[in-house]
Amino acid sequence: MVIARNVAELRLAVAAARKAGKTIGLVPTMGCLHAGHLALVDLARREATCCVVSIFVNPSQFGPKEDFSKYPRPFEEDCRLCEGRVVDIIFAPGSDFYPAEYSTWVNEDAVSSGLCGEFRPGHFRGVATVVLKLLNSCSPDVAIFGRKDLQQLAVIQRMVRDLDVPVRIVAAPTEREADGLAMSSRNRYLAPEDRARARVISEALRRAQALVVAGECQASVLLAAATRQLADETAFRLQYITIVDRETMRPVDKVTRGASVIAVAGFLGETRLIDNVDL
Ligand code: AMP
């Protein structure tokens with residue numbers, strides 16, 4: 001496994017893989033890898049013959065009051081996990097990935113405005129920018145993103161389409177803990193009592209899903225049922241709950257099977273959690 005510390009080293013390693021006739025699959029991450037990330041790696045290895053995992057805690061997607069400095073960075077453990085999954089190249093650039101006087105940004109103006117975009121100003125500008133930099137640095141054939149970050153996936157798909165980026169984006173399903181909580185590097189921030197409470201999030205989403213299966217398609221009815229369930233857990237502070245079209249992120253009044261998604265964000269203690277399920 002090659003560990004590339006800058007763009008030049010990454011390009012050398014990718015060029016060698018290409019010369020050996022390999023196709024390149026990229027899995028962008030911020031490290032602190034868990035089974036959700038590793039499922040993306042497994043998918044990358046099915047989609048391409050050389051798997052690159054990037055590990056970079058991207059400062060430009062954190063707000064001033066967010067957890068950039070305390071975001072966990074267990075790099076050695078991440079390398080061990082990647083090695084176990086037969087990753088070919090780790091790309092772990094330093095802070096000079098953004099050179100001095102960096103001043104170029106990618107702004108997606110529609111998909112990124114609602115949901116998390118409303119509560120995390122500048123977040124998707126940081127995400128789109130770093131993902132485009134990673135795609136330009138690596139030139140993969142395919143890049144894998146998790147559906148757990150629903151709006152991030154939609155922003156990246158839109159950016160790749162709008163800017164003619166020559167890459168295929170593949171979406172991976174959300175990996176969950178045994179009690180349904182979506183896996184996330186931030187789950188380790190949860191105090192034990194909040195970790196136990198966190199199951200309410202996926203339960204509320206699944207309640208809406210069950211109502212759709214039973215024939216309900218009015219978004220207002222589904223949202224009321226899910227919100228009631230969330231309210232039972234008084235420690236959970238809801239930020240938003242919405243039903244949107246998975247590509248445009250626009251709220252819908254009526255569910256279209258296969259196209260509509262129910263998404264939620266909120267806090268347990270200081271930890272912000274997001275989740276979504278297909279309807
Ligand atoms: P992060 O390290 O949080 O930036 O996530 C890196 C990638 O892993 C993103 O594409 C996420 O959507 C994806 N990811 C994070 N958590 C999960 C999960 N529980 N299941 C599947 N993919 C995930």
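The values are calculated or read from the model by the stated rules, or taken from the named source; none is laboratory data. Not measured: the values here are computed from a predicted model. Glycine also receives a Cβ, built like all others from the backbone with ideal geometry; neighbour counts cover every protein chain displayed. For the accessible areas, the whole protein counts, side chains as well, though only heavy atoms, and no ligand, DNA or RNA atoms are used. Shrake-Rupley method; radii C 1.70, N 1.55, O 1.52, S 1.80 Å.
Odds and ends about this structure:
- Residue within region 42-55 that is of a type in the set (Ser, Thr, Tyr) and in contact with a Lys or Arg (Cβ under 7 Å, 6 or more places away or on another chain) present: yes
- Within region 230-252, being over 15 Å from Leu150 (Cβ atoms) and either modelled with pLDDT under 95 or open to solvent by 50 Å² or more (accessible area, probe 1.4 Å) (or both) holds for Ala231, Asp232, Thr234, Arg237, Leu238.
- When region 93-111 is filtered for residues that are within 21 Å of Cys138 (Cα to Cα) and open to solvent by less than 20 Å² (accessible area, probe 1.4 Å), the ones remaining, listed by number, are Pro93, Phe97.
- Meets criteria (closer than 24 Å to Ala39 by Cα and not acidic (Asp, Glu)) for Leu211: no
- Of the residues making up region 137-157, those that are assigned to a helix (DSSP H, G or I) and in contact with a helix residue (DSSP H, G or I) (Cβ under 9 Å, 6 or more places away or on another chain) number 7.
- Test: residue in region 69-92 that is surrounded by 13 or more Cβ atoms within 10 Å (Cβ to Cβ), basic (Lys, Arg), in contact (Cβ under 8 Å) with a residue 40 or more places away in the chain and touching a Leu at 6+ places or on another chain (Cβ under 7 Å): yes
- Taking region 25-35 as the range and being surrounded by 23 or more Cβ atoms within 10 Å (Cβ to Cβ) and farther than 20 Å from Phe97 by Cα as the test, the residues that pass are Gly25, Leu33.
- Selection of region 161-170 for residues being open to solvent by 90 Å² or more (accessible area, probe 1.4 Å) and more than 16 Å from the ligand (Cβ to nearest atom) yields Arg161, Leu163, Asp164, Pro166.
- Residues satisfying the stated conditions in region 171-223, i.e. within 16 Å of the ligand (Cβ to nearest atom) and in a helix (DSSP H, G or I): Ser185, Arg186, Asn187, Arg188, Tyr189, Arg195, Arg199, Ile201, Ser202, Leu205, Arg206
- Applying the criterion of being within 12 Å of the ligand (Cβ to nearest atom) and over 13 Å from Ile169 (Cβ atoms) to the residues of region 135-156, the residue that is most open to solvent (accessible area, probe 1.4 Å) is Lys148.
- The single residue among Val2, Val53, Val106, Val14 that is within 16 Å of the ligand (Cβ to nearest atom), aliphatic (A, V, I, L, M) and either at pLDDT 95 or above or within 27 Å of Leu181 (Cα to Cα) (or both) turns out to be Val53.
- Flag for Arg120 being among the basic types (Lys, Arg), open to solvent by 90 Å² or more (accessible area, probe 1.4 Å) and in the same structural domain as Thr23 (by TED's automatic domain parsing): no
- Residue count, region 39-50 (criterion: more than 9 Å from the ligand (Cβ to nearest atom) and either more than 15 Å from Phe91 (Cβ to Cβ) or open to solvent by 30 Å² or more (accessible area, probe 1.4 Å) (or both)): 6
- Among the residues listed as Leu211, Leu205, Leu132, Leu222, the single one being crowded, with 20+ Cβ neighbours inside 10 Å, in contact with a helix residue (DSSP H, G or I) (Cβ under 7 Å, 6 or more places away or on another chain) and free of Cβ contacts under 8 Å to residues at least 60 places away in the same chain: Leu222
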